[in-house]
Amino acid sequence: MVELNIIFRTYTGDISHTIILLYWKLRHSEEDKQRIKRQLTQNAAHELKTPAASIHGYLESILDNPDMPADKRQHFLERCYAQSERMHKLLMDMSMLTKLENTSLLAPREINNTIIDVVAIIQNVLDDTALLLNEKNIQVRLDIPSAITIPSPLGESEGYSAIYSIFRNLVDNALAYATGATEINISYHQGEFIFSDNGCGVAPEYLPHLFERFYRIDKGRSRKLGGTGLGLSIVKNAVAVFGGTTTAETTHGGGLTIRFSLKETSRG
């Protein structure tokens, strides 16, 4: 009887210890989530200050100077529009990032009911960016199967948007920052996508930070180009929603390579 009591106490003690550990993990996870949200809010407020101040300044000048020459007024209005576009892009990226971070995976049965055609989305992204790619004289080379399909934890519409955002942000990032690039390569091998360019590349010390929110290697240049600093963070979070991971490395011969995996159902 004594032995049974000892065994019982040991067993219940192990259960209690496990419950306490789970509690602390959940608590710390929630605290981390709140901390990240606070950081995102603070960073967003900082990023929005510049375009908001610019718009305010331009409009104030127009209102205070009713006899301002028409060409100067037009210039100020165009600058207001450009800054408002920047704010709109930032708010859209923040909305996408928040949605991705708050997404909880559905049951496998529900996920498998919605299948996303990744190859079709890649082609849509390339169609939508064709003019920009032509302007930069960048050729896109594809080495992917004729079909790659993955289950979506977000449903059809939002699942499409998330996958589109991955490849669109990668292309936009290359267009904006891959100085000197003449080609982009998108390949798929053994469950892994590889997106690379042959541009100026990124110094090794910056690679671990590329997916952080609002991280910019050259802050002044990035803002002039209209970047929000959220593109690669969106890529990482969108990939995570689909059960994958994302890494960055230097392209052999120069440039940047992004590798990421997505849970595949089939390919042809």
I'm trying to understand the selection: among the residues of region 198-229, which are part of a loop (DSSP other than H, G, I, E, B) and at pLDDT 80 or above? Asn198, Gly199, Cys200, Gly201, Val202, Ala203, Leu210, Phe211, Glu212
In region 114-143, residues that are over 23 Å from Leu97 (Cα atoms), open to solvent by 40 Å² or more (accessible area, probe 1.4 Å) and in contact with a strand residue (DSSP E or B) (Cβ under 8 Å, 6 or more places away or on another chain) total 5
Would region 133-140 turn up any residue that is part of a helix (DSSP H, G or I) and in contact (Cβ under 8 Å) with a residue 12 or more places away in the chain? yes
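Each row is one residue, and each column tells you yes or no for (1) within 23 Å of Gly243 (Cβ to Cβ); (2) touching a Lys or Arg at 6+ places or on another chain (Cβ under 7 Å); (3) at pLDDT 90 or above.
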site	(1), (2), (3)
Leu90	no, no, no
Asp117	yes, no, yes
Gln139	no, no, yes
Leu154	yes, no, no
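The values are calculated or read from the model by the stated rules, or taken from the named source; none is laboratory data. Bear in mind that the values here come from a model prediction, so they are computed numbers and not experimental data. All Cβ positions, even for glycine, are placed from backbone atoms using ideal geometry, and neighbour counts span all protein chains on display. SASA here: full protein model, heavy atoms, side chains in, ligands and nucleic acids out. Shrake-Rupley method; radii C 1.70, N 1.55, O 1.52, S 1.80 Å.
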